[in-house]
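The values are calculated or read from the model by the stated rules, or taken from the named source; none is laboratory data. The structure presented is a predicted model; accordingly, all values stated were derived computationally and were not measured. Because the Cβ atoms are built from the backbone with ideal geometry, glycine has one as well, and the counts that use them run over all protein chains shown. Surface accessibility is based on the protein's heavy atoms, side chains included, excluding ligands, DNA and RNA. Shrake-Rupley method; radii C 1.70, N 1.55, O 1.52, S 1.80 Å.
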Amino acid sequence: MVRLDLPVEGTGDEPDDRYRLAARTLAGWRSDGTLRKDPHPSVYVYEQTYRVPGTDTVRTQRGFFARLQLEAFGPDAGVLPHERTLSGPREDRYKLLRATGVNTSPVIVLFDDPGGGTGERLTSAASAAPADMEVIDDAGVRHRLWAVPADGEGASAELATGLVAAAEAAPVTIADGHHRYETALRYRDERRMTRSCEEDPAFDYLLTLFLEASGEPLTVLPTHRLVRALGDDGVADLLERAGELFDVTPVESSAELVAAFDAVGLERGGEGRFGLWTRAGGAFLTARRDVFAPSLPAGGEALRSLDVTLLGVALEQLAGLDAAAVAGGAIGYTKSAADAVAAVDRDDGVDAAWLLQGTPVAAIEDVARDGDVMPQKSTYFYPKALTGLLINPLEW
């Protein structure tokens, strides 16, 4: 699947040869039987069993793969985004999709089923028979997949119908895969120009993993910030002025911060609690929301209350880092609290590490429903869906 999803450019290749190589590889696998088409229209129940990073807690997450009908974003749309995309990744995914005509990786969306029927159906499917596919990845995550035929009659078709009905009852929120979704929209519009007479074409849909957000806890990890180019005076100002926006509790060592923020995957998040580590020391910080209020950006309450929104205000007011400075590379990112403080201690250009909690799932949905978008690097859903379990053909 790496050969299809991330083809490598060879020595002497033209810029787009790697996409054509992926297409040739795919065509060869189709013709020699490496890949086969499922004879039944199906949904695919998907289970991931994993250890929450930084803890000994094991969780099981279940969802299902199906096709999602594409539609443009808008106030009354059934598909809601929560972040902006970047042109480079969009163009890369578009060239791959145009060359291969298949979805190799899913978009992941959230939906709510307060009645709990989805969880019961997924558990039933996972316990009724051995998995059709099972693999443990390099991170120790166990992935299992069950095909649930949706055609005909009987328990299997009823289960598939029930899952789909729950997911389409209200708008869904994109959790991961905004670039792939926008790429699929562009591809659909292009194909419609040449095949406008085709009824219900496959390119009107894309491969999607549906996760029910109101049942068992989903794990959203934070992305910690690394601040560069402050200098000694800037670091001193950061620590001295932090009390203007936060309640400050100094720490004796970075180990206190790492211990507190390496296990935040178990916490709800969104409490306005941060860790700050610099070459001159560090502290636990708790946002004083009343002080932040006049400086928060326009948007709904869900966006304005996010920890990442508060941090953006703090970086601008305490360190002079506005949106242009962030776009210019003044901020780096890491998933590991330990790596963040180590980058400061190595004195290799990182002056301060800001440690965050994860963004609550409900807040992500609320931001999307308000029509707002979150700052970059606001969410990191864990674990990722494994590429290669399914391929969704848009041209066969």
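Which pairs have Cβ atoms under 9 Å, sit 6 or more apart or on different chains, and link a residue in the stretch 106-132 that is exposed (fewer than 15 other Cβ atoms within 10 Å of the Cβ) to one that is of a type in the set (Asp, Glu)?
GLY116/GLU212
Provide a single number: the residues in the stretch 15-69 that are of a type outside the set (S, T, N, Q) and free of Cβ contacts under 8 Å to residues at least 60 places away in the same chain.
Result for the stretch 15-69: 15.
When you look at VAL135, is it in contact with a helix residue (DSSP H, G or I) (Cβ under 7 Å, 6 or more places away or on another chain) and either farther than 24 Å from THR60 by Cβ or of a type in the set (A, V, I, L, M) (or both), yes or no?
No, not satisfied.
Just checking, does the stretch 113-127 include any residue being small (Gly, Ala, Ser) and within 30 Å of PRO7 (Cα to Cα)?
No, every residue in the stretch 113-127 fails to be small (Gly, Ala, Ser) and within 30 Å of PRO7 (Cα to Cα).
From ALA342, ALA327, grab the single residue that is outside any loop (DSSP other than H, G, I, E, B), open to solvent by 20 Å² or more (accessible area, probe 1.4 Å), modelled with pLDDT of 95 or more and within 17 Å of LEU226 (Cβ to Cβ).
ALA342
Looking for whichever is open to solvent by 30 Å² or more (accessible area, probe 1.4 Å), outside any loop (DSSP other than H, G, I, E, B) and of a type in the set (Gly, Ala, Ser) here; the options are GLY299, GLY312, GLY275. Which one fits?
Being open to solvent by 30 Å² or more (accessible area, probe 1.4 Å), outside any loop (DSSP other than H, G, I, E, B) and of a type in the set (Gly, Ala, Ser) holds for just one of GLY299, GLY312, GLY275, which is GLY312.
Give the residues of the stretch 278-296 that are without any contact (Cβ under 8 Å) to a residue 60 or more places away in the chain, of a type outside the set (Ser, Thr, Tyr) and not in a strand (DSSP E or B), sorted by residue number.
ALA280, ARG288, ARG289, ASP290, VAL291, PHE292, ALA293, PRO294, LEU296
Where in the stretch 22-126 are there strands (runs of 3 or more DSSP E), lying wholly inside it, with at least 1 residues that are farther than 21 Å from THR208 by Cα?
42-51, 58-69
Report, by residue number, each residue of the stretch 81-105 that is farther than 19 Å from ALA385 by Cβ and either of a type in the set (Gly, Ala, Ser) or buried (at least 19 other Cβ atoms within 10 Å of the Cβ) (or both).
Matches in the stretch 81-105: SER87, GLY88, TYR94, ALA99, GLY101.
Tell me which of these LYS335 doesn't satisfy, since it passes every other one: (1) more than 26 Å from the chain's Cα centre (by Cα); (2) surrounded by fewer than 19 Cβ atoms within 10 Å (Cβ to Cβ); (3) under 25 Å from PHE381 (Cα atoms).
Failed condition: (1).
What are the residues in the stretch 22-58 that are of a type in the set (Gly, Ala, Ser) and either open to solvent by less than 90 Å² (accessible area, probe 1.4 Å) or in contact with a Ser or Thr (Cβ under 9 Å, 6 or more places away or on another chain) (or both), if any?
ALA22, ALA23, ALA27, GLY28, GLY33, SER42, GLY54
Of everything in the stretch 12-21, what is part of a helix (DSSP H, G or I) and either out of contact with any Pro (no Cβ under 7 Å at 6 or more places or on another chain) or open to solvent by less than 50 Å² (accessible area, probe 1.4 Å) (or both)? Give them in sequence order.
ASP17, TYR19, ARG20
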